[in-house]
Each structure stands twice: as structure tokens, then as C-alpha cells.
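J.: Sharing a structure below in C-alpha cells format, with a few things to ask.
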Amino acid sequence: MDDFKQIVVDAGVKMCQRSLTVGTWGNISYRDPESGNIFLTPSGMDYQKLGTNDIVVYNAKGEIIEGQRKPSIEWSMHLAIFAAREDVNAIIHTHPTYSTAFAITDTSIPPVSEDFVQIVGDSVECAEYALPGTKELGEYAVKALASKNAVLLTSHGTLCVGPNMDFAFKVCDVVEKTAYLYLMSKNLGEARIIPPADIKAMQDFVKTKYGQ
Ligand SMILES: [Zn+2]
């Protein structure tokens, strides 16, 4: 159990180091693919001071089985995403500057760069608005996330997922970089949207031929 708790504790520190959020906002979870147990950050605590004892543990049925702290208010969103996506074992919800600019204008991030379409998806869509901490927010996030690896929470922030924590961080970085680049490209002209056939070719390449 402690190893999985440590993954979440370390991810909290990393999220702050990368300026992906401010203060105690954002929340992170990890699922042990074998037991199905889910490890979630507590509500409103300083990420730099979190210890493994502060992590809240859910079983695969969504019942709290360990932890003295109140879980993140977004616990139902995390559980809903794990329930909907068997391939996801790490979820990072943050309030980063550039992608949140899209979220507060209810604007999706289009497929403008290769790394984005390869590891994030065809686009990042805005979920229908719901208040933080509500069951609806989780439902809308699942719907807009679909089979992609990131979703924008309207008027709120960004949520990135992956099969493991490192991958989820890579998604966070690429989403934030692409949001920044797309906004910058507006100064130069129109960004070229990658056509669907090329997106598919790149996604197939990553699945079958990329890497060693
Ligand atoms: Zn948030």
C-alpha cells in the first residue's frame, strides 16, 4: 500500500514544481491495476507537506478502506473516470495557466502538433459545466474525456490521465505546451489543423512502431 501512496505524494510535489497549479488546488489519484485500490490526495492540504498517511485509499467498489483525512472534494470525478476507463491508472487534475484559458472560454484545444495527437488525442474538449465536487462534474468529465487522455473542466481547469503517473505527467506537459503554442500561433496567423487521416496515421505509428 505504501508504495502506491508514495507515488501520489511524489506526484503532488512534482505538480507544484512544474507550476501546474497554485496553492492546494488540484488533485491526484493512482489505481493499483492488480487490486483495483485507488489512492487519492486529501482535501485542501499543502502538497509539499503531504505524507503517505494523508492519502485516502478506496477499494475497487469505491469504499474508503484507509486514511484519516477527508478526501479531495473531486473524489467522485476520480472514481467515475477509473470506472469508465480500464486503461487509466493515474489521474492528475490541475489548474495550469494556458490550458485553463481554454477552459474559461469553453474552447477546445485543436490538433495542431504531432506530440499532442500522438499522446493526448484528436483534441481536448470542454466538459459541460458543473460545480466542483458534484457528481455531475464527474459524469460530464467522463463524457468529454471519451477515449482521449485529457479533458478541460469548463471555468475551472484541466484533467489528464494515463496508464501510469509518468505518462499522465507527460500528457499534462503536452496539453499545457500545446495550449501555449496555439495561443502564441494566433499572433503569427492561423495554426494548421492536422487532418484526421494524418492524426490516425500518427496514432497508429505510436501504438505499433514508436520506441525501442
Ligand atoms: Zn480543480
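J.: Which residue, of Phe205, Phe102, is in a helix (DSSP H, G or I), within 16 Å of the ligand (Cβ to nearest atom), aromatic (Phe, Trp, Tyr) and more than 30 Å from Gln6 (Cβ to Cβ)?
T.: The match here is Phe102.
J.: Exactly one condition in (1) part of a helix (DSSP H, G or I); (2) open to solvent by less than 60 Å² (accessible area, probe 1.4 Å); (3) not hydrophobic (A, V, I, L, M, F, W, C) is false for Glu136; which is it?
T.: All conditions pass for Glu136, except number (2).
J.: Another question about this same structure. Let me spell it out: the conditions are (1) open to solvent by less than 60 Å² (accessible area, probe 1.4 Å); (2) out of contact with any Phe, Trp or Tyr (no Cβ under 9 Å at 6 or more places or on another chain); (3) over 20 Å from Asn89 (Cα atoms); (4) in contact (Cβ under 8 Å) with a residue 40 or more places away in the chain, and Pro195 meets all of them except one. Which number is the exception?
T.: With (1) open to solvent by less than 60 Å² (accessible area, probe 1.4 Å); (2) out of contact with any Phe, Trp or Tyr (no Cβ under 9 Å at 6 or more places or on another chain); (3) over 20 Å from Asn89 (Cα atoms); (4) in contact (Cβ under 8 Å) with a residue 40 or more places away in the chain applied to Pro195, the lone miss is (4).
J.: Go through Thr21, Thr41 for me and flag whichever is open to solvent by less than 40 Å² (accessible area, probe 1.4 Å) and modelled with pLDDT of 95 or more.
T.: On the way: Thr21 fails: modelled with pLDDT of 95 or more.
On inspection, the qualifying residue turns out to be Thr41.
J.: Got a number for residues in the range 86-101 being open to solvent by 10 Å² or more (accessible area, probe 1.4 Å), closer than 15 Å to Ala150 by Cβ and touching a strand residue (DSSP E or B) at 6+ places or on another chain (Cβ under 7 Å)?
T.: Residues in the range 86-101 being open to solvent by 10 Å² or more (accessible area, probe 1.4 Å), closer than 15 Å to Ala150 by Cβ and touching a strand residue (DSSP E or B) at 6+ places or on another chain (Cβ under 7 Å): 2 in total.
J.: Could I ask something else about it? Just to be sure I understand, how many residues within the range 65-82 are outside any loop (DSSP other than H, G, I, E, B) and open to solvent by 90 Å² or more (accessible area, probe 1.4 Å)?
T.: Adding up the residues that qualify gives 1.
The values are calculated or read from the model by the stated rules, or taken from the named source; none is laboratory data. Since the structure is predicted, the reported quantities are computational estimates derived from the model, not experimental observations. As a convention, Cβ positions derive from the backbone with ideal geometry for all residues, glycine included, and neighbour counts pool all protein chains shown. For the accessible areas, the whole protein counts, side chains as well, though only heavy atoms, and no ligand, DNA or RNA atoms are used. Shrake-Rupley method; radii C 1.70, N 1.55, O 1.52, S 1.80 Å.
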